[in-house]
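A short worksheet on the structure shown next.
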Amino acid sequence: MKKPFVSTEQLKEIVKKYPTPFYLYDEKGIRENARRLKEAFAWNKGFKEYFAVKATPNPYILKVLKEESFGVDCSSYTELMMAEAVGFNDDEIMFSSNVTPKEDFRLARRLNSIINLDDITHIALLEKIAGIPEIISCRYNPGGVFAIDNDIMDTPQEAKYGFTREQLTEGFKMLINKGVKQFGLHSFLASNTVANEYYPVLARMLFKTAVELHRETGANITFINLSGGIGIPYRPEEQPADIYRVGRGVRKAFEEILVPAGMDDVAIYTELGRFVLGPYGCLVSTVIHQKRIHKEYIGLDACAANLMRPAMYKAYHHITVMGKEQDASDHKYDVTGGLCENNDKFAIDRMLPKIDIGDLLIIHDTGAHGFAMGYNYNGKLRSAEILLKENGETELIRRAETPADYFATFDFSERYKFADIQESKSQSQKT
Ligand SMILES: *Cc1c(COP(=O)(O)O)cnc(C)c1O
């Protein structure tokens, strides 16, 4: 069974203060998980996790992670701005972008971030616009299919990212000529996998490639970045990845490949997003509607604009009807939002306890790639984000959008200023 990290009583108190829908994050869970990750890789002297900001771009969350000595992995200009605002600098920021605009490279260089190049043509571009730093990383795309024990995990040959193997050798040589002193090697080959073997298999490939590149080019490779991809058990019957086993698997590959090659001082970096935050956030929503036609529907005050994963990927997110955990799941429902879009369904044919209007629902495992993928379709507004602190108190870490936020970019005409709209609304209410 999946248990929410808040009790029904606690949540009833929280919704008195903050109206639903909102995202709730569990600081205690985040910190404990962060410590497990660090412990699993403590054998590696330079180990550092660069949290993928895109998964949960909230400065308060990033601050918690900074206190756990994580760095950040940014992919865009605004993510770099957020990292700087939280106080990350220099080698605490990894910049892993693709199709990179010039101004993003300029900002990354100004912050002295570690740049992880996605393409060989970016070497010349970066040199021209911002100069080549002494430390740089390159992203590898081995092509083909990526398999673990004959199970195909993903198809890098279809992925837009990274350098080919030949380009790595050529790129490293070019970069050495341009004064690079320290190199990193990065690859991201499978997303959301709970297989304990993912990181060790990826590490083995990257370690071998690093040894080859060092021999071919003389490059001083100082870190290897296993990037993101470790998944979480979205379904109650799934097993989580055992991060200690993952750490031991990477260590074995390290000792078999890098140590004999005299590269035992290489640091291991990770850029986990989902694994770090996913289970420690949930979407809290209230049932506002029920209808029975050809099927039985439950309507929530949240919709796919707040959580896109079910609509976009048909992703499973577990749902708890708060206060009814002990009741039999003997009702079959489609749980929907209110978008004019028939894929706006958090669950289809889900067996749940009998639901009533006003019930509070928790949609689990939305701490990563949840709020972040939100949008404004149908004029729906983004929700608040709330941090449940270790001492049990709550802190509003992002307020909910208001219509004024939605209208903020329509500054072309006095006619459509939000103030006028409110005015006309109150006038029409009077008449
Ligand atoms: C998205 C992304 C991550 C994080 O992925 P998760 O699946 O959340 O672990 C890490 N690195 C890069 C370059 C990414 O694009």
Between M351 and I288, Cβ-based FRET efficiency (R0 22 Å, step 0.05) works out to 0.55
Taking Cα pairs closer than 8 Å and at least 6 residues apart, the relative contact order of the range 27-276 in percent is 21 percent
CD proxy, 222 nm, the chain: helix-only mean residue ellipticity via -39,500 (n - 2.57) per DSSP H run with n ≥ 4, per residue, nearest 500, stands at -9000 deg cm²/dmol
By how many nm would the segment from D330 to S69 grow when fully extended, if each residue of separation counts as 0.36 nm and the alpha-carbon distance is taken off? 89.4 nm
First check a/c for the chain, with a ≥ b ≥ c the square roots of the eigenvalues of its C-alpha gyration tensor; if it is under 1.5, answer rounded, and if not, answer prolate when a/b is larger than b/c or oblate otherwise. prolate
Sketch the reach of a paramagnetic label on E256 as a point 7 Å from Cα along Cα-to-Cβ, and name the residues of the range 183-218 whose backbone nitrogen lies under 12 Å away. 200-205, 208
Low-density loop chymotrypsin sites (Phe, Trp or Tyr not before Pro), the range 289-324, at most 16 other Cβ within 10 Å, DSSP non-H/G/I/E/B, are none
Specify whether the C-alpha gyration tensor of the range 279-406 places it in the rounded, prolate or oblate class, a ≥ b ≥ c being the square roots of the eigenvalues: rounded for a/c under 1.5, otherwise prolate if a/b is larger than b/c and oblate if not. oblate
Pairing the Cα long axis of helix 198-217 with the longest principal axis of the chain, what angle in degrees results, from 0 to 90 and rounded to the nearest 10? 30 degrees
Could you calculate the contour length gain from K178 to E166, that is, 0.36 nm times the residue separation minus the distance between their Cα atoms, to one decimal place in nm? 2.5 nm
Output wanted: per-residue J couplings in Hz (rounded whole) for the range 13-26, from phi through Karplus 6.51 cos²θ - 1.76 cosθ + 1.60, θ = phi - 60°, x for Gly and Pro. 5, 5, 6, 5, 8, 10, x, 6, x, 7, 8, 10, 10, 10
Could you calculate the FRET efficiency of Q239 with T8 from 1/(1 + (r/R0)^6), where r is the beta carbon distance between them and R0 is 30 Å, rounded to 0.05? 0.65
For a label point 7 angstrom out from the Cα of A400 toward its Cβ, which stretches of the range 353-381 have the backbone nitrogen within less than 11 Å? 381
Sorted on mean Cβ neighbours within 10 Å (highest first), peptides 365-375, 116-126, 69-79 come out as 365-375, 69-79, 116-126
Under the Karplus relation with 6.51, -1.76 and 1.60 and θ = phi - 60°, whole-Hz ³J(HN,Hα) for the range 286-302, x at Gly and Pro, equal 10, 6, 10, 7, 9, 9, 10, 10, 7, 9, 9, 10, 10, x, 9, 7, 9
Angle, helix 165-177 long axis vs. longest principal axis of the chain, Cα atoms, 0 to 90°, nearest 10? 70 degrees
Any lysines whose Cα falls less than 16 Å from that of K314, other than same-chain ones fewer than 8 residues away, would be K345
Kindly work out what percent of the DSSP beta bridges joining two residues of the chain are antiparallel, to the nearest 5. 45 percent
Cross-link list K66/K252; K38/K252; K17/K66: which exceed 22 angstrom alpha carbon to alpha carbon? K66/K252; K17/K66
Which angle between 0 and 90 degrees, to the nearest 10, do you get for helix 27-40 versus the longest principal axis of the chain when only C-alpha atoms count? 20 degrees
Share of carbon and sulfur in the accessible heavy-atom surface of the chain [1.4 Å probe, %]: 49 percent
Can you tell me the Rg and the Dmax, both Å, for the Cα atoms in the range 1-96? 15.8, 47
First check a/c for the range 44-141, with a ≥ b ≥ c the square roots of the eigenvalues of its C-alpha gyration tensor; if it is under 1.5, answer rounded, and if not, answer prolate when a/b is larger than b/c or oblate otherwise. prolate
Tell me, what HN-Hα J-couplings in whole Hz come from the Karplus equation 6.51 cos²θ - 1.76 cosθ + 1.60 at θ = phi - 60° for each residue of the range 261-274, using x for Gly and Pro? 7, x, 10, 7, 9, 5, 8, 9, 10, 10, 10, 6, x, 4
So what is the accessible area of the chain per residue, in Å², with the probe set to 1.4 Å? 47 Å²
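The values are calculated or read from the model by the stated rules, or taken from the named source; none is laboratory data. All of these numbers come straight from a predicted model, not from anything done at the bench. Note that each Cβ is placed from the backbone with ideal geometry, even for glycine, and that neighbours are counted across all protein chains shown. Heads up: the accessible areas ignore ligands, DNA and RNA and are worked out on the full protein's heavy atoms, side chains in. Shrake-Rupley method; radii C 1.70, N 1.55, O 1.52, S 1.80 Å.
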